[in-house]
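Here the structure is laid out as structure tokens; the discussion comes afterwards.
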Amino acid sequence: MSNTGRPTRPSALGSVEPATPTFSGNRGLMHDDPLIFEQGMHGRSGVDLPDVPGYDHGRLGRLRRKSAIGLPGLAEPQVVRHYVRLSRLNYAIDMGLYPLGSCTMKHNPRLNEKLARLPGFADLHPLQPQSTVQGALELMDQLAHWLKTLTGMPAVALSPKAGAHGELCGLMTIKAALEARGERRTRILAPESAHGTNPATAAMCGFTIENIRANSDGRVDLDQLKAALGPDVAAVMVTNPNTCGLFERDVIAIADAVHAVGGYFYCDGANFNAIVGRVRPGDLGVDAMHINLHKTFSTPHGGGGPGAGPVVLSRALAPYAPVPYVVHDEQGFHLVETVDQARTGGASPCGRISAFHGQMGMFVRALAYMLSHGGDGLRQVAEDSVLAANYLLVRLSEKLTPSFSGPCMHEALFDDRFLKDTGITTLDFAKAMIDEGYHPMTMYFPLVVHGALLIEPTESESRASLDAFAETLLALANAAQSGEKQRFLDAPQLAPRRRLDETAAARKPKLRWGGEEPVRAAAE
Amino acid sequence: MTKYTKDHEWVRLDGPLASFGITDFAQGQLGDVVFVELPEIGRRIAAGDQIAVVESVKAASDVYAPVGGEVVEINSALVDAPDMVNASAEGDGWFAKIKLDNPSALDGLMDKAAYDAFVGSQS
Amino acid sequence: MRYLPLTPHDRAEMLAMIGAKSIDDLFVDVPQQARHFHPLELPPHLGELGVERKLSALAGKNLSAGSAPFFIGAGAYRHHVPASVDHLIQRSEFLTSYTPYQPEIAQGTLQYLFEFQTQVAMLTGMDVANASMYDGSTAAGEAVLMASRITRRQRAIVSGGVHPHYRAVIETVHALSGGQVHLAPASIDDLDGLIGMIDDQTACVVVQNPNLFGAACDLSALAQAVHGRGALLIVVVTEIVSLGLLTPPGEMGADIVVGEGQSLGNGLNFGGPYLGLFATREKFLRQMPGRLVGETVDADGKRGFVLTLSTREQHIRRDKATSNICTNAGLCALAFSIHLTLLGEAGLTRLAELNHAYALDVADRLAAVSGISVLTPTFFNEFTIDFGQPAASVVERLAGRGILAGVPLSRLWPDEPLLANAAVLAVTETNTAQDTDDLIAALKEVL
């Protein structure tokens, strides 16, 4: 558990004079919009539907709703304006560099959106007769082929719906493989720099997690790992490239060591975008690795999902992949949908992890991205993302303090030593970036360095964009070091909101609109 | 006489009962406390058992029983006013009172000077 | 390459600035034997036109729902989605933003999630809802884990009316940490039987309403029995449009309501991405999985929204988190919320009534076909029929005639010979009288 907090309520309350208030409450192009519940009128609707034919009212099992739901009624123009106004309060990768380390905010090609909406993909029911969805099953098979080739792994489970769901799927195959061997192993080892999902997933699977310290160059301490290994270790979970943006130099030795004690090597593939086309996890001894299609393969993050987290599996774990999956014979493509059906084919699935076949809409987008880049272009993606991150690492090191020496992979990690004695924290520095028109980088993660700032530019940025970003950050660092403290403490001042009182939000949670009666004008 | 643990709890003997909470140093590390999960009255605990959870917005910490015994009273004021832990960690921000199994249970714990030195060595 | 702004000249200059001789210098930490110097055996890059041709060819091999008389439901439903929904969710600021970690520049996402949470709580009749899960089935799995945390009991009872895929997910996920799942046999109405199965070790009872067979049932008596034993009632709703017309689970005593939100705003998408809904009572708030958005104020006192109660989550609580979930289904939640905002109370009610009225009509017309009987007595927009012969073969023969006629129950319950002749059919506002005519004409040929 993380037991170090940070300021979560505005300290600068009232210290800055707000700009001259406007009569409307809006500021130029910046419009606030009330909640839909504060705009609704009873009886109004933004959808025209036909009249309901007469019908027998007795066939709902006496379950007809007696109370009103309370939903507001708005016409289409009001709805469109509401959401357009809301949208303009958000930062987006289409607007500017989005340097969230470990999150990989790269360009989302619109071709992919167009293709995912083809009725031949978007308007298919998951339980249609399989004879009517052969093209969809073939697409899943093609995506699987690309993923297997890029990772050098023999099998892939497509149904996980996000990275954390993929972790769960991967650990489940490990648990099933151990059970098949008649072994009950309880421990999982993971570096302390791991994503929080790693220990959370291990706990869901009934394993206990043990932290392995990082060595002084930000990587797994191989000696400590080896010392912790034993016959009760089910797996090691290692992110590679790791959350410090570094390639684990000893990765093959780690794999060998865990295999030597009969455990498995789970690789968190969140950062696969740094090595795609250049390094195949299958060559590193990996047994299972999830791939976030929304990171490496550009499916949009959508404000927090949907994602997709296929898991590639080694030969040892492949038989334990969950149902459903696609198989191919001379008659065409088929779905194996039940555990019994899979058993007759010689497999031993670990069960089922979601209702249907996976995030098909994301599969279409990811495959479009792969086909667009080709094998050659994907390799270039990895190289450009690593080049851009190293370029920022070198340029920013002029003022900022990098946590480790040597080149990084796709993201550059700094700590807060450059802010020492300035009275400015990583958080203040990040909030000042907002006033400069940038989304802040990932902060305070990984936990292994103090006041972390983790910057991932991705391959989508031009040289001019990288330069402008670097110059802005250097100017801010300069301002911080020359005593312009108030600029940081008051930031942001130019965003749709200033710092928000997260303390109050957590002490008295208000999680839904309520209390006030909806506006009911006379227009009924 | 207040004693301290390495997990940053304090404990104070008050007749047959020992009240405890988290130290002022611990509340400072956590930031604004927003929630405290208190133990049930009547629960029997051994020293070192996890007995409560204290949360700020960005952090959470398990709290371990500094001494063994039975929980006989809890500070239910913290439910509505968790900020008391910030304002008065070692006073009004107490968590619960324990009826001690062993009256000499506090003997092995640190006194103020030893705890201050411990905190100093940690940072 | 159209997506990569760096030119060869840029790359050369940047490498020089870094002090690297070649890009390989930046990959020095990769062990020698794992470095790939040759391109992988994959086709080279393609222009838009080339990609579009390849994927359109695959799409063209499928029979899309809109191009056939279509009667399939069973967990995913075809509804008409207003044009403005897809336009709005494709706004760059929604589509290409991340999880709202910086609330000052993410109020758009945070406000719509707050509105979404309110809509879900209202629809289900519950106190609070989260900002979404992956889909209905994973939400159901999480609900069972949550019930075990709250009751400190390990045994879940799952009704035979719950979608078999949901049952499989619950069984798989709960078993991982030592939980037991008692699966009741397939049944159109097993509520009384479930009551008899509850004991002092029961953490929760999971029912679906309307259930897989389409049956809509009053859950009040079950809720009372469940609570009498100190257990929790979890209600699954796979067709959320039903709540425009049906008494919400919250009014029948549900402790946790999980749902599949795909019906509103989201397409069929061959199974995903979908939208998991999760709502509960306020007293269970801190045991909830998933993200929550709450209202607060900023430094100027203006109303704003933030992610809150995050100490439940994996990035802070790690192995003690309520779930490992991180990414959810934000954009699908937005589509749901926009569609529901467009409908409003009046629109949703009418939509639900249309679904019910059309379904009654189709059921009555099918019941009049010789050899067919309708098995579900009370239903919303979905019902089970018996063909008097193996349904899988009937459905396949109808597909050969261009009609997508429902899900044969043998696909979902392969081990239940009693269900082999049955199929479940759904009818929505998108169905026309002509669709029904075509279905009945074709049935008369194949039966």
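Checking each residue in region A:169-205 for being outside any helix (DSSP H, G or I), crowded, with 24+ Cβ neighbours inside 10 Å and of a type in the set (S, T, N, Q) picks out only A:Ser193.
Condition check ((1) buried (at least 24 other Cβ atoms within 10 Å of the Cβ); (2) facing chain A (nearest Cβ under 10 Å)) across all residues:
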site	(1), (2)
C:Ala215	yes, yes
C:Ala223	no, no
C:Val241	yes, no
C:Pro273	yes, yes
C:Phe278	yes, no
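Scanning region C:7-24 for residues that are among the charged types (D, E, K, R) and either facing another protein chain (nearest Cβ under 7 Å) or in contact (Cβ under 8 Å) with a residue 40 or more places away in the chain (or both) returns C:Asp10, C:Arg11. Could you please let me know if A:Thr296 is of a type in the set (S, T, N, Q), under 24 Å from C:Ser410 (Cβ atoms) and either surrounded by 21 or more Cβ atoms within 10 Å (Cβ to Cβ) or at pLDDT below 95 (or both)? No, not satisfied. Assessment of region A:230-249 against the conditions (within 16 Å of A:Val448 (Cα to Cα), within 10 Å of chain C (Cβ to nearest Cβ) and among the aliphatic types (A, V, I, L, M)) yields at least one matching residue. Are any residues in region C:60-77 at the interface with another protein chain (Cβ under 7 Å from one of its Cβ atoms) and either buried (at least 21 other Cβ atoms within 10 Å of the Cβ) or outside any helix (DSSP H, G or I) (or both), and if so, which ones? Those that are at the interface with another protein chain (Cβ under 7 Å from one of its Cβ atoms) and either buried (at least 21 other Cβ atoms within 10 Å of the Cβ) or outside any helix (DSSP H, G or I) (or both): C:Gly60, C:Lys61, C:Asn62, C:Leu63, C:Ser64, C:Ala65, C:Ile72, C:Ala74, C:Gly75, C:Ala76. The condition of being surrounded by 24 or more Cβ atoms within 10 Å (Cβ to Cβ), on the phi < 0 side of the Ramachandran plot and touching a residue at least 12 places away in the same chain (Cβ under 8 Å) holds for only one of C:Leu443, C:Leu447, C:Leu419, C:Leu439, that being C:Leu439.
Looking only at region B:76-100, which residues are among the small types (Gly, Ala, Ser) and either more than 28 Å from B:Val34 (Cα to Cα) or in a helix (DSSP H, G or I) (or both)? Scanning region B:76-100 gives B:Ala77, B:Ala87. Residues of region A:114-130 that are surrounded by 19 or more Cβ atoms within 10 Å (Cβ to Cβ) and either assigned to a helix (DSSP H, G or I) or more than 7 Å from chain C (Cβ to nearest Cβ) (or both): A:Leu115, A:Ala116, A:Gly120, A:Phe121, A:Ala122. Screening C:Leu95, C:Leu55 for residues that are surrounded by 18 or more Cβ atoms within 10 Å (Cβ to Cβ), within 30 Å of A:Gly245 (Cβ to Cβ) and facing chain A (nearest Cβ under 7 Å) leaves exactly one candidate, C:Leu95.
Of the residues making up region A:68-83, those that are facing chain C (nearest Cβ under 7 Å) and surrounded by fewer than 23 Cβ atoms within 10 Å (Cβ to Cβ) are A:Ala68, A:Ile69, A:Gly70, A:Glu76, A:Val80. Could you tell me whether region B:101-114 includes any residue that is under 14 Å from the mean Cα position of the chain (by Cα) and either of a type in the set (D, E, K, R) or in a loop (DSSP other than H, G, I, E, B) (or both)? Yes - at least one qualifying residue is present in region B:101-114. Of A:Leu392, A:Leu387, A:Leu371, all but one fail to be part of a helix (DSSP H, G or I), touching a strand residue (DSSP E or B) at 6+ places or on another chain (Cβ under 6 Å) and modelled with pLDDT of 95 or more; the exception is A:Leu392. Scan region A:397-407 for residues that are surrounded by 22 or more Cβ atoms within 10 Å (Cβ to Cβ) and under 25 Å from A:Arg6 (Cβ atoms) and the total you get is 2. Here region B:34-78 is the region considered, the condition is being of a type in the set (Gly, Ala, Ser) and farther than 26 Å from B:Pro103 by Cβ, and the residue that is nearest to the chain's Cα centre (by Cα) is B:Ser61.
For region A:395-429, what are the residues that are assigned to a strand (DSSP E or B), within 15 Å of A:Glu456 (Cβ to Cβ) and in contact (Cβ under 8 Å) with a residue 24 or more places away in the chain? Those that are assigned to a strand (DSSP E or B), within 15 Å of A:Glu456 (Cβ to Cβ) and in contact (Cβ under 8 Å) with a residue 24 or more places away in the chain: A:Ala412, A:Leu413, A:Phe414.
The values are calculated or read from the model by the stated rules, or taken from the named source; none is laboratory data. For clarity, every value in this text was computed on a predicted model and none was experimentally measured. Methodologically, a virtual Cβ is constructed for each residue, glycine included, from the backbone with ideal geometry; neighbour enumeration extends over all protein chains shown.
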